[in-house]
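K.L.:
Mind looking over this structure? Questions follow.
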C-alpha cells in the first residue's frame, strides 16, 4: 500500500509539537526545582466571618499562600499530559501512515522508547515527592528526541524485506518499551548516587550539593530504580528470547553472536547482576547502583554504537 503522506506529515507535526511542549514543561519543572525548599512567607489577609463573638468581623486569619514551587509544579505536571499525548499520537499516526507497526528504524524505535519512559514516569512518579526528578528524566528524553528527529530521522517508508514479519511488532515493541523503562531506572540510580552524598539536614554550598538537597530522599530513589528494573528486566529478557526465535525463522539459527545479539545479552546480564547485587548484603546502595548505571550505559552503547557504527545483521538504523 502507498504511504499516506498526509498522515506522515501529521505524525511529524505531533512529534515536533511534543518536543516543544516538553521543553515548556522542562522549563516549568526547572522553576519548580529551583524554588523548592525555599522559605515561603505566609500571607495574612483580612476576612469577614459571620457568627458568634469569636468570629467577629474584621478578624485577621493566617492563610498560607500556596507556594510558587507548588503552583508551577502542578501546572507543569498538567501540561505534561499534553506532551505525552502528542508523543503517543505521533507514533499512532506514523503507524497508520506507513501501514505497519512504526518500529522499522532508529527514529521510530527511539520515539517509542522515549514515550515508554515518559508513560512509566507517570506511573511511578505521580507522587509529589518525585516532582524534582522530572527535570532529570525529561532532559535526556529531549536529547534523544532531538537526535531522533534531526540526526536519525527516516522518511515514512516501507521496512526493508528482512523486517517484514509478524515478529516486528512483538520483538521490537517489547525491547523498545523495556529500554524506555531502563532509562528511568538509570536516571533514578544516577540521582541516588548524587543524593546519597548529601545526607538529610546537611547544608552544602557547592552546586552538586544544592542540586541533591532538592531531590527525593536516597531511599526513595533507590527503591524507584529497583521497582522499574524489576518491570523492565523480564520485558527486555523476553525481547532477547523472541529475537532469537525470529532469528531462527529468518536466518536459520537461534544465535549467531551478531554484535547486536551479543551486546543485548551482555546488557541483560548486567541488569541481572544489578538485581542480584540489590538483594545481596554488602552490595546494596552504591555498589548496586553503579551496576545499574553500567547497564544503562551498555543499553545506550547498544542503541547508538552497535546500530550505527558496527556493521551487522541488525543494521536497520534507516540512515543513508
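K.L.:
Cα-based Rg of region 253-297 per 2.2 N^0.38 Å, rounded to two decimals? Show your work: numbers first, answer last.
P.N.:
Values: Rg = 12.7 Å, N = 45, 2.2 N^0.38 = 9.3 Å.
Against the empirical 2.2 N^0.38 Å value, I get 1.36 for region 253-297.
K.L.:
How much length is gained on full extension from residue 96 to residue 4, taking 0.36 nm per residue of separation minus their Cα-Cα distance?
P.N.:
Working: separation 92, 0.36 × 92 = 33.12 nm, distance 0.78 nm.
Once the chain is fully extended between residue 96 and residue 4, it gains 32.3 nm.
K.L.:
Quick one: work out Rg over Rh on the C-alpha atoms of region 79-121, Rh as Kirkwood radius. Intermediate results must be reported in sequence, preceding the final value.
P.N.:
Values: Rg = 10.4 Å, Rh = 10.5 Å.
My calculation of the ratio gives 0.98.
K.L.:
Hey, another quick one. In nm, to one decimal, how far is the modelled label at residue 230 from the one at residue 305, with both set 7 Å along Cα→Cβ?
P.N.:
Those two pseudo-labels are separated by 3.2 nm.
K.L.:
Using a simple spin-label model with points 7 Å from Cα along the Cα→Cβ vector, what separation in nm is obtained for residue 255 and residue 150?
P.N.:
So the two model labels end up 4.1 nm from each other.
K.L.:
How do 138, 3, 110, 174 line up, fewest other C-beta atoms within 10 Å first?
P.N.:
Working: 138 26, 3 14, 110 23, 174 20.
Least crowded to most crowded, the residues run 3, 174, 110, 138.
K.L.:
Project the alpha carbons of region 122-277 onto their principal axes and report the range along each, largest first, in whole Å.
P.N.:
Sorted largest first, the three principal extents are 61, 38, 26 Å.
Bear in mind these aren't lab numbers, they're just calculated from the coordinates by the rules spelled out. Everything numeric in this text was worked out from a predicted model, so none of it was measured. Ideal geometry is used to build each Cβ from the backbone, glycine not excepted, and the neighbour counts take in all protein chains shown.
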